[in-house]
Amino acid sequence: MAGHTRGSGRPNQWLRNLNAKLASIPMILTAVVIFLGGTVWTVVYSFTNSKLLPRLSFVGLDQYERLWAAPRWLISVQNLVIYGFFSLIFSLVIGFLLAALMDQKIRFENTFRTIMLYPFALSFIVTGLVWQWLLNPEYGIQSVVRSLGWTSFAFDPLYNSNIVIYGILIAALWQGTGLVMCLMLAGLRGIDEDIWKAARVDGIPMWKTYLLVIIPMMRGVFITTLVIIASGIVKVYDLVVAQTSGGPGIASEVPAKYVYDYMFQAQNLGQGFAASTMMLVTVAIIIVPWAYLEFGGGRKRA
Amino acid sequence: MNLRSFAAALAVTVALPLGAASAADLEVTHWWTSGGEAAAVAELAKAFDATGNHWVDGAIAGSGGTARPIMVSRITGGDPMAATQFNHGRQAEELVEAGLMRDLTDIATKEKWTEIIKPASLLDSCTIDGKIYCAPVNIHSWQWLWLSNAAFKQAGVDVPKNWDEFVAAAPALEKAGIVPLAVGGQPWQAAGAFDVLMVAIAGKDTFQKVFGDKDEEAAAGPEIAKVFKAADDARRMSKGTNVQDWNQATNMVITGKAGGQIMGDWAQGEFQLAGQKAGTDYTCLPGLGVNEVISTGGDAFYFPLLKDEEKSKAQEVLASTLLNPATQVAFNLKKGSLPVRGDVDLAAANDCMKKGLDILAKGNVIQGTDQLLSADSQKQKEDLFSEFFANPSMTPEDAQKRFADIIASAD
């Protein structure tokens, strides 16, 4: 998509690198037909009353009206906002702090890095199940603390409608911060040693150097990390299924689960498509301008 | 592999010259994977293999919610199995309308299904535009309250005989540290429990008016308000259940950690597996002991349209095998469900099953909500009731208003 170069009037512009262009045709076709085509198809059918099978009888905005009146969808969106906001902030802050600590030329750095990155090797389903047990009041953290003597200790986020989404957030952070740390660490390693020397000569405290010098220099790494985290947030599904399956009640529902449940369990494709179109719109609003600024407009600055 | 099973099938046909003229491997998909269910399916497979054909078992784990999307996408995707389980009713309606399923009317008239299948509503659910598209195999009813005798003994109260006594006994159970009513966290359990309360408290006619005629006013009316009051009681009594799956909730009743559970007759298999006896270890109250009515939902087999002629012939054999009296008895005893034929003998049935057969014989039956409502409306209902049961701050009045809205837009 970014292969668009400004024509400078040379006639053989299109024939340059012909082999490379030919070789990329299958990929371009895949992108256009499968990704773009599938997306357009979904959006079109979200305006129909398709049930189990897609059919083209248009009902205007009915599916969207029903969607935004459905309490479950509203709760899903609200959960996504809470989950997204905190997981973005915490995974960036914790990930960067861990990376900064790791960057202090400590001993056994490899070991620590491996340990931190291990959770990322587990799938969301496994992560979810592990944390389902850890947060279960009868077997997990609560029962361990109680058996140590603090009998009034209560910690059962997965069974409390008001805070269940934070229980899911804990598991997501445990799984995801290792990767953020590694990305950040790579960014830190890319900073020239001379910058640090100069800062030390000028007597700038270390935290100030990080905050005012290093972080602005790591802009690219931060953007990449943000896009990775943000896309992970919008599609969160398996973690919720494994930990709570949306419960208690519908307190931990998320949009992706709404889409799946209505498309397949409720046999209402139209409603599922409307919900997935809303997810697409969200992603587009957040990520497209960003990606454009970073990757498209970046060339001018460089 | 294929060759060998073909040879085996061939050998069987030679050995049984009076068997079916054609022998074929039929793949049958279903979601019966728990211990008792698998044993019941084995009976069907045995009966079908005896006709000289071969049953290729296609069990899909993870209950209907997981299995149905797989089945539907195989049929719509052009890779149909030879036969598949659905809950009869409206789950396969659109597949039939799209012409993907096979019309069984010929064999049904030949074998007089309309006369042997009782109640007739079962076959009605298989009938679309006057043609029959599925073979019902069993009747499962939802309207049962399972009570743990041990739990009531521990609490020092008598085992209740109806819902009101049960509600009255709840404080005593709570005092003894027992959860009065186990309701698992899966959404369909809360929705199902509400439907059961509705039949028991508001009666058969109101049930039919709300779910059958989709009468919005009845759904907002005083009769249903009473049902929501009862659901409010049930919600209070279910506090502290903290399990997800229905069989875990049943297990709480079996172990005496919970006083009772509203669950369909499939729960009976769990009691049997735990070696408990109806009457002494546990008590069953059909229609919550208030209104002895049972719904006649259940399972049926649908046959996708196949190009292979031999397999199509074998499909007919399978359909007639499923309704064979001997198969019906063997299958349903293991499954804990009721047979779809009124003319078979179930002497080996236990007390609870006999109660069910009695009610069936009296004709106190209603259609199941799977038969009356579309999957879409069912799902909306599940969303509402799983929220209602989990969220004590939602008032019965608000819930009823939302319920009436769902009924108004139901199809």
Check on A:Gly128, more than 30 Å from B:Leu95 (Cα to Cα), within 14 Å of chain B (Cβ to nearest Cβ) and out of contact with any Gly (no Cβ under 9 Å at 6 or more places or on another chain): yes
Take the residues of the range A:39-55 that are more than 14 Å from chain B (Cβ to nearest Cβ) and farther than 14 Å from A:Met263 by Cβ: which is farthest from the chain's Cα centre (by Cα)? A:Phe47
Taking the options B:Val210, B:Val167, B:Val157, B:Val199, name whichever one is of a type in the set (A, V, I, L, M) and either in a loop (DSSP other than H, G, I, E, B) or at positive phi (or both). B:Val157
Looking at the range A:226-239, can you tell me whether even one residue there is more than 14 Å from chain B (Cβ to nearest Cβ), within 30 Å of B:Ala191 (Cβ to Cβ) and among the basic types (Lys, Arg)? yes
Condition broken by A:Thr111, with the remaining ones in (1) surrounded by 15 or more Cβ atoms within 10 Å (Cβ to Cβ); (2) more than 30 Å from B:Ser393 (Cα to Cα) satisfied: (1)
Answer yes if at least one residue in the range A:100-119 is farther than 28 Å from A:Val259 by Cβ, in contact (Cβ under 8 Å) with a residue 24 or more places away in the chain and in contact with a Ser or Thr (Cβ under 8 Å, 6 or more places away or on another chain), and no otherwise. yes
Elements of type helices (runs of 4 or more DSSP H) in the range A:4-100, at least 3 residues being touching a helix residue (DSSP H, G or I) at 6+ places or on another chain (Cβ under 8 Å) and within 22 Å of B:Ala375 (Cβ to Cβ): A:62-69
For residues in the range B:158-190 being of a type in the set (Gly, Ala, Ser), crowded, with 22+ Cβ neighbours inside 10 Å and out of contact with any Gly (no Cβ under 6 Å at 6 or more places or on another chain), which is farthest from the other protein chains (Cβ to nearest Cβ)? B:Ala169
Residues that are over 16 Å from A:Trp73 (Cβ atoms) and within 7 Å of chain A (Cβ to nearest Cβ), drawn from the range B:374-393: B:Ala375, B:Phe389, B:Ala390, B:Asn391
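Run down A:Val164, A:Val180, A:Val201, A:Val145 and say which single residue is in contact (Cβ under 8 Å) with a residue 60 or more places away in the chain and more than 16 Å from the chain's Cα centre (by Cα).
A:Val164
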Hey, B:Ala108 hits all of (1) small (Gly, Ala, Ser); (2) crowded, with 20+ Cβ neighbours inside 10 Å; (3) out of contact with any Lys or Arg (no Cβ under 7 Å at 6 or more places or on another chain); (4) closer than 30 Å to B:Glu223 by Cα but one; which does it fall short on? (4)
Of all residues being more than 9 Å from chain A (Cβ to nearest Cβ) and not aliphatic (A, V, I, L, M) in the range B:394-410, which is surrounded by the fewest Cβ atoms within 10 Å (Cβ to Cβ)? Just the residue, please. B:Glu397
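Of the residues B:Trp142, B:Trp146, which is modelled with pLDDT of 90 or more, part of a strand (DSSP E or B) and of a type in the set (Phe, Trp, Tyr)?
B:Trp146
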Under 6 Å between Cβ atoms, at least 6 apart or on separate chains: pull out the pairs that start in the range B:188-206 with a residue that is among the aromatic types (Phe, Trp, Tyr) and end on any residue that is in a helix (DSSP H, G or I). B:Trp188/B:Glu382; B:Phe194/B:Ala231; B:Phe194/B:Phe385
Considering residues that are in a helix (DSSP H, G or I) and either within 14 Å of another protein chain (Cβ to nearest Cβ) or crowded, with 17+ Cβ neighbours inside 10 Å (or both), the number found within the range A:156-169 is 8
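Being of a type outside the set (A, V, I, L, M), surrounded by fewer than 16 Cβ atoms within 10 Å (Cβ to Cβ) and modelled with pLDDT of 80 or more narrows it down to one of B:Thr51, B:Thr29, B:Thr33, so name that one.
B:Thr33
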Of all residues being within 14 Å of another protein chain (Cβ to nearest Cβ) and either of a type in the set (A, V, I, L, M, F, W, C) or part of a loop (DSSP other than H, G, I, E, B) (or both) in the range A:131-154, which is surrounded by the most Cβ atoms within 10 Å (Cβ to Cβ)? Just the residue, please. A:Leu135
So in the range A:244-274, with the set limited to residues that are closer than 17 Å to B:Ala375 by Cβ and among the polar types (S, T, N, Q), which one is farthest from the other protein chains (Cβ to nearest Cβ)? A:Gln271
Find the helices (runs of 4 or more DSSP H) located wholly in the range B:220-323 whose residues include 2 or more that are touching a residue at least 60 places away in the same chain (Cβ under 8 Å), within 14 Å of chain A (Cβ to nearest Cβ) and buried (at least 20 other Cβ atoms within 10 Å of the Cβ), and list them. B:222-237, B:246-254
So which residues in the range A:14-43 are surrounded by fewer than 12 Cβ atoms within 10 Å (Cβ to Cβ) and more than 30 Å from A:Pro54 (Cα to Cα)? A:Trp14, A:Leu15, A:Arg16, A:Asn17, A:Leu18, A:Asn19, A:Ala20, A:Leu22, A:Ala23, A:Ile25
Keeping to the range A:101-115, report how many residues are assigned to a helix (DSSP H, G or I) and farther than 15 Å from A:Trp207 by Cα. 7
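The values are calculated or read from the model by the stated rules, or taken from the named source; none is laboratory data. Note that the structure is predicted; figures quoted are calculated from it, not measured. Cβ: placed from backbone, ideal geometry, glycine included. Neighbour counts: every protein chain shown.
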